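Encoded as structure tokens, the structure appears first; notes follow it.
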Amino acid sequence: DQQVKQNSPSLSVQEGRISILNCDYTNSMFDYFLWYKKYPAEGPTFLISISSIKDKNEDGRFTVFLNKSAKHLSLHIVPSQPGDSAVYFCAASDPQGAQKLVFGQGTRLTINP
Amino acid sequence: NAGVTQTPKFQVLKTGQSMTLQCAQDMNHEYMSWYRQDPGMGLRLIHYSVGAGITDQGEVPNGYNVSRSTTEDFPLRLLSAAPSQTSVYFCASTRAGNYGYTFGSGTRLTVV
């Protein structure tokens, strides 16, 4: 069973507009959530994270929102830039899991000029 | 500062062959993990380690062995390769208390 789900395999957004990537999870024990960005032929790179005690975390153009009651998190990128075109993975960690991460399937974001 | 280094970058194996995927990090990170990435499946945890001499299984450990004799190295061994092990393999490391893992650039393995 997939504990972390990204239901949109792909997303296309115009340059300068807002990109919103979504992620749902089923395990209420998850207490830390992360977003990773991956370019082709490279490893994922850490982008932004949020603890379950918060509902928002912001870093420049990137903001992550967490809705614990809905078991849903989202990543907002504004304004979107061509360099943001990549695959984005959300991940979650269980406090009893020795910092093990559970990843979603990924969403391919394409920013169109 | 090299970060996480994985070798080789590409490998083709015949069914039944064995091999070791190498992973080394120079950041003195305690935690290291191996993931495989398959289309539509995201990254799945194979094995992980919380320190030298300590390893444990992840979500998909069958067919793989690991050991951690030093802080820096965490090799992944395929004992008898199968076509189902065709995948891209990523090694990652981080410090205790930091969930933001640093990933290597990956090894693309094809088993024919």
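Using a probe radius of 1.4 angstrom, the carbon and sulfur fraction of the accessible surface of the protein assembly as shown is 48%. Averaged over the residues of peptide B:53-64, the number of Cβ atoms from other protein chains lying within 10 Å of each residue's Cβ is 1.
For the range B:7-37, which trypsin sites (Lys or Arg not before Pro) pass both filters: DSSP loop (anything but H, G, I, E, B) and at most 14 other C-beta atoms within 10 Å?
Values: sites: B:9, B:14, B:36; in loops: B:9, B:14.
For trypsin sites (Lys or Arg not before Pro) across the range B:7-37 that sit outside H, G, I, E and B with at most 14 neighbouring Cβ atoms in 10 Å, the list reads B:9, B:14.
Note on residue B:26: accessible area approximately 80 square angstrom, rounded to 10, probe 1.4 Å, nucleic acids and ligands left out. Computed with a 1.4 angstrom probe on protein heavy atoms, the A-B interface buries about 1600 square angstrom of accessible area in total. The residue among B:66, B:23, A:6 whose Cα reaches farthest toward the positive pole of the charge dipole of the protein assembly as shown, with charges on the beta-carbon of Lys, Arg, Asp and Glu, is A:6.
Counting 0.36 nm for each residue step from residue B:56 to residue B:82 and taking away their Cα separation leaves a gain of 7.2 nm.
Taking Lys and Arg as +1 and Asp and Glu as -1, the other residues whose beta-carbon sits under 13 Å from that of residue B:94 total +1.
For Cα pairs less than 8 Å apart in space and 6+ apart in sequence, what is the mean separation divided by the residue count of chain A, i.e. the relative contact order in percent?
Values: 275 pairs, mean separation 41.8, N = 113.
Relative CO of chain A lands at 37 percent.
Measuring against 21 Å, Cα to Cα, the residue pairs A:5/A:71; A:5/A:38; A:5/B:9; A:38/B:14; A:71/A:100 contain A:5/B:9; A:38/B:14 as the ones spanning a longer distance.
On the full set of protein chains, 1.4 Å probe, figure out the accessible area of residue B:23 and give it in Å² to the nearest 10. Estimated to the nearest 10 Å², residue B:23 gives 0 Å². Take each residue in B:96-103, count the other chain C-beta atoms within 10 Å of its C-beta, and the mean is 6. Remark: chain B is approximated by an ellipsoid whose semi-axes, taken from the C-alpha gyration tensor as √(5λ), come to 22, 14, 13 Å, largest first.
Accessible surface comparison of B:50, A:87, probe 1.4 Å, protein chains only, largest first: the order is B:50, A:87.
Please report, to two decimal places, log10 I(q)/I(0) for chain A at q = 0.13, 0.18 Å⁻¹ as given by the Debye formula with identical point scatterers on the Cα atoms and no solvent. Reported log10 I(q)/I(0), two decimals: -0.45, -0.85. Across the range B:16-66, the convex hull enclosing all Cα atoms gives 105 Å³ per residue. Per the Debye formula on identical point scatterers at the alpha carbon atoms of the protein assembly as shown, with no solvent, log10 I(q)/I(0) at q = 0.10, 0.12, 0.15, 0.19 Å⁻¹ is -0.45, -0.64, -0.99, -1.43.
The values are calculated or read from the model by the stated rules, or taken from the named source; none is laboratory data. Keep in mind it's a predicted model, so treat the numbers as computed, not measured. Here Cβ is always computed from backbone atoms with ideal geometry, including for glycine, and neighbour counts include all displayed protein chains. Each accessible area value is taken on the protein alone, full model and side chains, heavy atoms only, with ligands, DNA and RNA left out. Shrake-Rupley method; radii C 1.70, N 1.55, O 1.52, S 1.80 Å.
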